[in-house]
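*Asks:* Let me give you the structure first, and then I'll get to my questions.
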Amino acid sequence: MKLELKNPMLFFDVETTGLDIAKDRIIEICILKVQPDGSEECRTRRINPTIPIAKEAQAVHGISDADVADCPTFPEIAKSLATYMDGCDIAGYNSLKFDIPILAEEFIRAGINFDFRKRKLIDVQTIFYKMEPRTLSAAYRFYCNKNLENAHAAEADTRATYEVLQSQLDRYEELKNDMAQLAEFSNSKKILDYAGRFILNDKDEPIINFGKHKGKRVSDVLAVEPTYYDWIMTSDFTLDTKRVLTELRLQQFGK
């Protein structure tokens, strides 16, 4: 089923030095931009992460330190990448939990203010897991009746994600061909930071979503335990998580 788009839809996938959102870096990004008229443009770029690639990560995607040694760093491409992504709705596979958070961290480190929260974010994995819990390769085989060649290569995974979403719309009548509805369906929780450390409850109050204070309102914890803020700021949480907590703290104390 052809996607009914009001804005360009950007499908993307990243390969990284590892799986730590706060510490690891992007080494390859593929973007498939689909216009409302159905025309497509696919771009793939490798990036010098300036840190070593973990052996475990290299075993998955096959990209070595030598492969990216002469590539541009993320700050060198950040501005042009943000411009290319501007105005697009965004889709990926497991993108809400990994690809978007780690890309947001890269933009923050590069000094680029790119706010994903202003875009419709569709996670094809979430739709898949709600409908047919499997992996991307199984999803591609199930929905598209094809075998996914070169799995874990950014371009192969990106294009497979695009085709799976189209087939999901063909298969499930309850899914509307509407990016706002798909974005809402993809997001099981109202997250405030990309890592999901802080979310909104059913009263739209910011609450903590991890650790000993899970389920408690942020305002309550900050009021009785002021050191909680300092602990977050000095620990290995993502820059985005720290920024969101700072904004909540400033709102609470009226500064």
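Laboratory data are not the source of any read-out in this text; all were calculated from the coordinates shown. Every value quoted in this text rests on a predicted model; they were computed, and no experiment measured them. Heads up, the Cβs are rebuilt from the backbone with ideal geometry, glycines too, and the neighbour counts pull from every protein chain shown.
*Asks:* Which order results if Tyr172, Tyr143 are arranged by neighbouring Cβ count within 10 Å, fewest first?
*Replies:* If I rank by nearby Cβ atoms, fewest first, I get Tyr172, Tyr143.
*Asks:* So what's the projected area for the chain, the Cα convex hull averaged over all directions, in nm²? Write down the numbers at each step before the final one.
*Replies:* Working: hull surface 59.0 nm².
Averaged projected area of the chain's Cα convex hull equals 14.8 nm².
*Asks:* If you don't mind, there's one more thing I want to ask. Under 20 Å from the 7 Å Cα→Cβ point of Ala59, by amide nitrogen: which residues of segment 1-35?
*Replies:* Hits in segment 1-35 for Ala59 at 20 Å: 15-21, 24-25, 27.
*Asks:* Can you pull out the GluC sites (Glu not before Pro) in segment 99-150 whose DSSP state is coil and whose Cβ has at most 13 other Cβ atoms within 10 Å? Don't jump to the answer; show the numbers that get you there.
*Replies:* Values: sites: Glu105, Glu106, Glu149; in loops: Glu149.
Answer in residue order: Glu149.
*Asks:* I need the fraction of alpha carbon pairs in segment 127-189 separated by more than 16 Å, rounded to a whole percent.
*Replies:* Tail fraction, whole percent: 45.
*Asks:* If you don't mind, there's one more thing I want to ask. For labels at Arg117 and Glu173 in the simple 7 Å Cα→Cβ model, what's the distance in nm?
*Replies:* Each label point is offset 7 Å from its Cα along the Cβ direction, giving 3.9 nm.
*Asks:* For segment 1-101, which GluC sites (Glu not before Pro) pass both filters: DSSP loop (anything but H, G, I, E, B) and at most 13 other C-beta atoms within 10 Å? It would help to have the intermediate numbers written out before the result.
*Replies:* Values: sites: Glu4, Glu15, Glu28, Glu40, Glu41, Glu56, Glu76; in loops: Glu4.
In loop regions of segment 1-101 (DSSP not H, G, I, E or B), the sparsely surrounded GluC sites (Glu not before Pro) are Glu4.
*Asks:* Given 10 °C and 1.306 mPa s, compute D for segment 198-252 with the Stokes-Einstein relation, Rh being the Kirkwood radius over Cα pairs; round to the nearest whole µm²/s.
*Replies:* Details: Rh = 11.3 Å.
Answer, rounded: 140 µm²/s.
*Asks:* Tabulate in residue order the Karplus-calculated ³J(HN,Hα) for segment 38-55, using 6.51 cos²θ - 1.76 cosθ + 1.60 with θ = phi - 60°, rounded to whole Hz; enter x for Gly and Pro.
*Replies:* x, 5, 10, 9, 10, 10, 10, 9, 9, 9, 7, x, 6, 9, x, 8, 4, 4
*Asks:* At a Förster distance of 30 Å, what's the computed FRET efficiency of Ala82 paired with Ala223, Cβ-Cβ distance as r, to 0.05?
*Replies:* Numbers: r = 37 Å, r/R0 = 1.23.
Working from the Cβ atoms, E equals 0.20.
*Asks:* Shifting gears a bit: Which ³J(HN,Hα) values in Hz, rounded to whole numbers, follow from the phi angles of segment 191-203 under the Karplus curve 6.51 cos²θ - 1.76 cosθ + 1.60, where θ = phi - 60° and Gly and Pro get x?
*Replies:* For segment 191-203, the Karplus-derived couplings read 7, 9, 10, 5, 7, x, 6, 10, 9, 9, 7, 5, 9 Hz, x marking Gly and Pro.
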